[in-house]
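K.L.:
One structure, as structure tokens, below. Some questions next.
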Number of protein chains: 2
Amino acid sequence: MSDIIYLDNASTTFPKPESVYNFMDEFYRKNGVNAGRSSHKLSRIANDLIDDTRRELTDLVKINNKSRVVFTSSATVALNQVLNGLDWSTIKNVYVSPFEHNAIMRTLHYLNKKFDFVIHILDFNSETFELNTKALKPNLSQNMPDLVCVSHVSNVTGYILPIEQLTEILSDYNPIVILDCAQSMGLIDIDLNKLNIDYAIFAGHKTLYGPFGIAGYINNSNKVALKEFIVGGTGSDSINLNMPEVEPYMYEAGSYNIQAIAGLNAAIKWIKQTKVYFIYKKEKELTDLLVSELEQLDGIEIYIPKDRERHIGIVALNIDGYSAEDVARVLDEEFNIAVRAGHHCAPYFRDFINIYEGTVRVSLGYFNDKEQIKYLIESLENL
Amino acid sequence: MSDIIYLDNASTTFPKPESVYNFMDEFYRKNGVNAGRSSHKLSRIANDLIDDTRRELTDLVKINNKSRVVFTSSATVALNQVLNGLDWSTIKNVYVSPFEHNAIMRTLHYLNKKFDFVIHILDFNSETFELNTKALKPNLSQNMPDLVCVSHVSNVTGYILPIEQLTEILSDYNPIVILDCAQSMGLIDIDLNKLNIDYAIFAGHKTLYGPFGIAGYINNSNKVALKEFIVGGTGSDSINLNMPEVEPYMYEAGSYNIQAIAGLNAAIKWIKQTKVYFIYKKEKELTDLLVSELEQLDGIEIYIPKDRERHIGIVALNIDGYSAEDVARVLDEEFNIAVRAGHHCAPYFRDFINIYEGTVRVSLGYFNDKEQIKYLIESLENL
């Protein structure tokens, strides 16, 4: 299978750094036990790895309190946990981007059946695919935001949200801000100290280059604590029928996935060694090459932000005369190129671009190279 | 670390069969992508592995509809999903055993704050540690059961619940029955066709000898469908803001943990090759040896069922003059033996046995041997 050109990194980055595979396998064989602080040696080693991984993660986003990292099994679960954990009696106006993922949109839709709030879509320019920062203040002041859920990097357009600018404008209203960093953490420099963000969601298996099975959120909030959502054993305080009221443990019921945590640990160490700046730089060069080559093709439409400095890694496109599914199928069958076709779990995007048949999504990772992009272009030319 | 005697298999079985480590590592390196039915080759291979694992699992419990397997990331999440998914307006009386795990007890306690129901403890004999089947009918008829949540094998006493007998008696009342098979599936022969059970919970990393990160439930119910609990992207039907109404996908939001599923796949194949009967037989012989040796020791109390045919794998104990924590600590520090001390996430057990300081739990797995048990006994003698 090594001759497959993998351009589906927004689904999950693949391959992983060699150290991620190695350390996961090695640690799980040697030490694949249930973690615990006051138990036997192997269990304490597992626990130390969890603590170290929390530290690596907070270090990556420049905060220093490891107990603010809450691990979950996926970013979807993290978003369910955060959104269900909010006090909805105080939330009337919720803002999202037109590109939000179903991990956010379906969860909000689910909660909207129980609670009375309005979902507003932030004003994005449908030609530049960018946040209309000028319209922001007048729009927000009409319906003051209580909660804002936005992706740092869109999994459809590759747009890098100007989060500094957005949170500065939002600060007048002091809403709860959830930033979905599934497509950004590890790829884009994030300084949570400087951002007025309450919850930063991460997915181990995407731009963090770790495995499936480990994700979560960093609680950067000074507002009220989240209510419990998933409850169960914590290996501590067993006779208490309530969850122990200690962060992060009160939000982490059940056994820790120590193999996945080992993988994430190795992945963050790889990122820090390689440096976020250089990972970004390499992927940005590949992205710019991909875009400039695609723009040479006839009959192609690409859906990326106008300001290329705000664009990374992901290009959704359509080709005249072909459905997105057909393009993806032919690339797969004839050319051994892996991309995705469809709506990319972003239910509002098709209304935003007025394209109802879906798009082809090409998404890059650190381990792609220029030859692969040239091969993709040749393949598209020979469709 | 290979010189550690691991007797903490009820927390997680360790080590795993060699094929589990090998296949996980191999599959994840070659094919570690996001699954999908109508996508590129690697994605379809991942999807086929998921389907095959569902089939292996249903085959193990002798049913034939693979779409009734719902994967979650842990048995805790599975129990949260099932319990939160029930229609609580129709549930007034809930029955549990005195040994239930906090994955059940804390979840019921959490739901009890929202919904009006009563938790009853099934009548167990505090000397034999066994279900009092004679008292069952009179007790149940006083408060007719709407929901029964019980562990197939107790993670504290190693008691094998007479589930055939229990479900037969329960059938007069037609309650919803949730059987927690975390400590039994793969170790004890289960035929879901013959049991009046609605949801059989499994944990990949325990008696199924798979890894952390994959668990779930088998929906064996003909009653109403569960409501959604965790929602999000499903890689299908993206423009629908509701979850697709197709089992099992409507209950499986987010990316599949393909590495863990690969591990579970290899694990079930190993179980079927080794045969459940022989795994049980080997563990039973070790259990009987452990019990008979422990019974020779002075000043020891063990908390196991009187009928030894209903006992497997797990022995909780206390030694006169030592706290459980001290015994576990000395075994760890002086003798390199890994056991657990505490309440084992079973909040009602201490009231049941009137021991408030916890117990030491020794728990066996397929890869333990007689020499290890003899070494444990010698170590306890030299405490």
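The values are calculated or read from the model by the stated rules, or taken from the named source; none is laboratory data. Keep in mind it's a predicted model, so treat the numbers as computed, not measured. Quick reminder, even Gly has a Cβ in these numbers, built from the backbone with ideal geometry, and neighbours come from all protein chains shown. The area values use the complete protein model at the heavy-atom level, side chains included, leaving out ligands, DNA and RNA. Shrake-Rupley method; radii C 1.70, N 1.55, O 1.52, S 1.80 Å.
K.L.:
If I filter region A:185-192 for residues that are surrounded by fewer than 24 Cβ atoms within 10 Å (Cβ to Cβ) and modelled with pLDDT under 95, do I get at least one hit?
P.N.:
no
K.L.:
Sticking with this one: Open to solvent by 10 Å² or more (accessible area, probe 1.4 Å), farther than 23 Å from A:HIS344 by Cβ, of a type in the set (Lys, Arg) and part of a helix (DSSP H, G or I): which single residue out of B:LYS272, B:LYS223, B:LYS206, B:LYS227 fits that description?
P.N.:
Checking each option against the conditions leaves just B:LYS272.
K.L.:
If you take the residues in region B:105-131 that are polar (S, T, N, Q) and open to solvent by less than 60 Å² (accessible area, probe 1.4 Å), which one is nearest to the other protein chains (Cβ to nearest Cβ)?
P.N.:
This residue is B:THR107.
K.L.:
For the subset of region B:291-310 comprising residues that are over 22 Å from B:ALA182 (Cα atoms) and assigned to a helix (DSSP H, G or I), which member is nearest to the chain's Cα centre (by Cα)?
P.N.:
B:VAL291
K.L.:
Follow-up. Restricting to region A:133-180, name every residue that is of a type in the set (Asp, Glu) and within 30 Å of A:LEU364 (Cα to Cα).
P.N.:
A:GLU164, A:ASP180
K.L.:
Consider only pairs whose beta carbons are under 6 Å apart and that are at least six residues apart or on different chains; among these, list those whose first residue lies in region A:21-48 and is within 14 Å of B:TYR21 (Cβ to Cβ) and whose second residue is at pLDDT below 95.
P.N.:
A:LYS30/B:MET1
K.L.:
Right, next: Within region A:278-285, does at least one residue satisfy the condition of being open to solvent by 40 Å² or more (accessible area, probe 1.4 Å), in a helix (DSSP H, G or I), among the basic types (Lys, Arg) and more than 14 Å from chain B (Cβ to nearest Cβ)?
P.N.:
Yes.
K.L.:
Scan region B:252-269 for residues that are touching a Ser or Thr at 6+ places or on another chain (Cβ under 8 Å), on the phi < 0 side of the Ramachandran plot and part of a loop (DSSP other than H, G, I, E, B) and report the count.
P.N.:
Selection size over region B:252-269: 4.
Condition check ((1) over 22 Å from B:ALA35 (Cα atoms); (2) more than 12 Å from every other protein chain (Cβ to nearest Cβ)) across all residues:
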| residue | (1), (2) |
| --- | --- |
| A:GLU301 | yes, yes |
| A:ASP307 | yes, yes |
| A:ALA338 | no, no |
| A:HIS343 | no, no |
| A:PHE349 | yes, no |
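K.L.:
Taking the criterion of being of a type in the set (Gly, Ala, Ser) and open to solvent by 40 Å² or more (accessible area, probe 1.4 Å), would at least one residue in region A:32-39 satisfy it?
P.N.:
The answer is yes, given that some residue of region A:32-39 is of a type in the set (Gly, Ala, Ser) and open to solvent by 40 Å² or more (accessible area, probe 1.4 Å).
K.L.:
Are there any pairs, at least 6 apart or on different chains, whose C-beta atoms fall under 7 Å, with the first in region A:148-167 and touching a residue at least 24 places away in the same chain (Cβ under 8 Å) and the second open to solvent by 10 Å² or more (accessible area, probe 1.4 Å) and among the small types (Gly, Ala, Ser), and if so, which?
P.N.:
Final answer for the pair search is A:LEU161/A:SER151.
K.L.:
Next question. Just checking: which of the helices (runs of 4 or more DSSP H) contained wholly in region B:311-383 hold 3 or more residues that are open to solvent by 10 Å² or more (accessible area, probe 1.4 Å), under 27 Å from B:LYS281 (Cβ atoms) and at pLDDT 95 or above?
P.N.:
Here the list reads B:370-381.
K.L.:
Could you list, in sequence order, all residues of region B:1-34 that are under 19 Å from A:ALA46 (Cβ atoms), more than 8 Å from chain A (Cβ to nearest Cβ), at pLDDT 95 or above and not in a helix (DSSP H, G or I)?
P.N.:
B:ILE5, B:LEU7, B:ASN9, B:ALA10, B:THR13
K.L.:
Here's something else I'd like to know. Could you pull out the residue among A:SER363, A:SER323 that is touching a residue at least 60 places away in the same chain (Cβ under 8 Å) and among the polar types (S, T, N, Q)?
P.N.:
A:SER363
K.L.:
A further question follows. Would you say A:ASN354 is polar (S, T, N, Q), touching a strand residue (DSSP E or B) at 6+ places or on another chain (Cβ under 7 Å) and either under 30 Å from A:HIS120 (Cβ atoms) or within 14 Å of another protein chain (Cβ to nearest Cβ) (or both)?
P.N.:
Here the answer is no, as A:ASN354 does not meet what is asked.
K.L.:
Now for a separate question. Would you check if A:SER238 is surrounded by 21 or more Cβ atoms within 10 Å (Cβ to Cβ), assigned by TED's automatic domain parsing to the domain that holds A:ALA35, in a loop (DSSP other than H, G, I, E, B) and at pLDDT 95 or above?
P.N.:
Against the criterion (surrounded by 21 or more Cβ atoms within 10 Å (Cβ to Cβ), assigned by TED's automatic domain parsing to the domain that holds A:ALA35, in a loop (DSSP other than H, G, I, E, B) and at pLDDT 95 or above), A:SER238 does not qualify.
K.L.:
Among the numbered criteria (1) in contact with a helix residue (DSSP H, G or I) (Cβ under 7 Å, 6 or more places away or on another chain); (2) over 28 Å from A:ALA253 (Cβ atoms); (3) of a type in the set (Phe, Trp, Tyr), which single criterion is violated by B:TYR356?
P.N.:
B:TYR356 satisfies all of (1) in contact with a helix residue (DSSP H, G or I) (Cβ under 7 Å, 6 or more places away or on another chain); (2) over 28 Å from A:ALA253 (Cβ atoms); (3) of a type in the set (Phe, Trp, Tyr) except (2).
K.L.:
Give the residues of region A:81-96 that are at the interface with chain B (Cβ under 10 Å from one of its Cβ atoms) and either closer than 19 Å to A:GLN183 by Cα or open to solvent by less than 20 Å² (accessible area, probe 1.4 Å) (or both), sorted by residue number.
P.N.:
Of everything in region A:81-96, those that are at the interface with chain B (Cβ under 10 Å from one of its Cβ atoms) and either closer than 19 Å to A:GLN183 by Cα or open to solvent by less than 20 Å² (accessible area, probe 1.4 Å) (or both) turn out to be A:GLN81, A:LEU83.
K.L.:
Would you confirm whether or not region A:41-55 contains a residue that is within 7 Å of chain B (Cβ to nearest Cβ), surrounded by 22 or more Cβ atoms within 10 Å (Cβ to Cβ) and among the aliphatic types (A, V, I, L, M)?
P.N.:
Yes, region A:41-55 contains a residue that is within 7 Å of chain B (Cβ to nearest Cβ), surrounded by 22 or more Cβ atoms within 10 Å (Cβ to Cβ) and among the aliphatic types (A, V, I, L, M).
K.L.:
Go through (1) over 19 Å from A:ARG44 (Cα atoms); (2) open to solvent by less than 20 Å² (accessible area, probe 1.4 Å); (3) assigned by TED's automatic domain parsing to the domain that holds A:ALA46 for A:GLY263 and report which single condition fails.
P.N.:
If we test A:GLY263 against (1) over 19 Å from A:ARG44 (Cα atoms); (2) open to solvent by less than 20 Å² (accessible area, probe 1.4 Å); (3) assigned by TED's automatic domain parsing to the domain that holds A:ALA46, just (1) comes out false.
K.L.:
Ok, one more. Six or more apart or on different chains, Cβ under 7 Å: which pairs go from a residue in region A:81-96 that's under 24 Å from A:VAL231 (Cα atoms) and in a helix (DSSP H, G or I) to one that's open to solvent by 10 Å² or more (accessible area, probe 1.4 Å) and of a type in the set (Ser, Thr, Tyr)? Could you list them?
P.N.:
Short answer, once both residue conditions are applied: A:GLN81/A:THR72; A:GLN81/A:TYR251.
K.L.:
Taking region B:56-80 as the search range and keeping residues that are part of a helix (DSSP H, G or I), farther than 15 Å from B:MET185 by Cβ and at the interface with chain A (Cβ under 9 Å from one of its Cβ atoms), which one is nearest to the chain's Cα centre (by Cα)?
P.N.:
Going through the qualifying residues, I end up with B:THR76.
K.L.:
What single numbered condition from (1) open to solvent by 10 Å² or more (accessible area, probe 1.4 Å); (2) more than 11 Å from every other protein chain (Cβ to nearest Cβ); (3) touching a helix residue (DSSP H, G or I) at 6+ places or on another chain (Cβ under 6 Å); (4) not polar (S, T, N, Q) fails to hold for A:PHE99?
P.N.:
Here A:PHE99 clears every test but (1).
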